[in-house]
1. Quick one: if the Förster radius is 35 Å, what FRET efficiency do Ala78 and Gln98 give, using the C-beta to C-beta distance and rounding to 0.05?
2. Once you place label points 7 Å from the Cα toward the Cβ at Leu285 and Ala90, how far apart are they in nm?
3. Using a simple spin-label model with points 7 Å from Cα along the Cα→Cβ vector, what separation in nm is obtained for Gln125 and Ala32?
4. Find the relative contact order for the range 110-247 and round it to a whole percent, using C-alpha pairs within less than 8 Å whose residues are 6+ positions apart.
5. Using a/c under 1.5 as the rounded threshold, could you call the range 110-247 rounded, prolate or oblate? The axes a ≥ b ≥ c are square roots of the C-alpha gyration tensor eigenvalues, and prolate needs a/b larger than b/c, oblate otherwise.
6. Compute log10 of I(q)/I(0) for the range 1-102 with the Debye formula, placing one identical point scatterer on every Cα and leaving out solvent, at q = 0.11, 0.12, 0.14 Å⁻¹, to two decimals.
7. Kindly provide the Kirkwood hydrodynamic radius of the range 91-134 in Å, to one decimal, from all pairs of distinct alpha carbon atoms.
8. Go ahead and collect, in residue order, the members of the range 187-206 whose backbone nitrogen is under 11 Å from a label point 7 Å along the Cα-Cβ direction of Ile235.
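Only the coordinates and a few stated rules stand behind these numbers; no lab work does. Computed from a prediction, not measured in an experiment: that's the story for all the values here. When we count neighbours, we look across all protein chains shown, and the Cβ atoms used for this are built from the backbone with ideal geometry, even at glycine.
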Amino acid sequence: MTPLGAIGLGPDEEALYEVLLDRSPATLAELAAAWPRADLQPLLASLEVKGLLSASPGPPPAYAAVAPEMALDVLLLAAERDLLRVRERARELEEVFQERARERTPPVVVEVVTGRRAVEQRHAQIQRAARQQLRCLSRRPYFDPLGSVAAQRELLERGITSRMIYERDFVAAEGALRQIEEMVGAGQQARVLPELPMKLYVVDDRLALLLLRHEPADAVAALVIHPSGLLEALIRLFEALWQRALPLGLAPSVRNPPPRDSRDDARLIALLLSGLTDEAIARQLGVGHRTAERRIAELMSRLGARTRFQAGVQAALSHPPPPPSP
């Protein structure tokens, strides 16, 4: 669908409207030369009904495009009114759903979702439903890199708080650290633990998705958990893991970007805190094994640290990331 499809304009209508913008006013014969198709007159009639062109009787009859700012604004306002009606209807249906849920004895606490496609669909729906914050335990398997990068960016652009705990194996994957760095730069709060007990998404304090089984494709299964003691327990588990996890403070300031050496040090510190091997650190930094060892040794020497983990902790404490949002 083209962008103007959102306000009810088909791709052929949009293309013919562009022809009119370039040639207005134009007779039917002139337009036929530029649009040698049998659907010319039906499309012109449709554009006229939608207010995108005006027709003069002639002779010969001529067609002129109406200015986009005026014509498209009218269609946009109509589409916005339709969306408001959809939103109001959605609220009404939600009230019916909640009322029926309260009447059930016992209430539905857990839904079982099976099949990869169904699980991925619910995963996307749950992320889009966030109003305040998303909590996530991010471990294998990944529906797509970073558990849906596009959806995460859309959440952050809407001002939704996103807190992610990554499993160390993912941080060690090729290119993962730079992807995480981009997300942190967009506003995500990221931490890392050696292992995570489950793959979990929690939206606000009202809904969670817990992956149960990830293969084969037709046997993928997940639980959707509604407000209950079980949901509260999962939230408490996330918060306990968040307190234990090590921050990945990777995002440079946009207004005051640090020099390249400082950015590279920030990546090295994050990798040290993640507990990765020298080989994995070298791979993430895009340098050779010996270069990675030398940079680790230099950082430890500057900080007076005796172990790599101590160096990472001391450096992180010297340049702590911003505190998590409540």
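1. 0.70
2. Taking the two extended label points, one gets 4.7 nm.
3. So the label points at Gln125 and Ala32 sit 5.2 nm apart.
4. 32
5. Taking the square roots of the gyration eigenvalues as a ≥ b ≥ c, the range 110-247 is rounded.
6. Calculated log10 I(q)/I(0) at the listed q: -0.44, -0.49, -0.60.
7. Values: mean 1/r = 0.0798 Å⁻¹.
Here the Kirkwood hydrodynamic radius works out to 12.5 Å.
8. Of the residues in the range 187-206, 203-206 have backbone N under 11 Å from the label point off Ile235.
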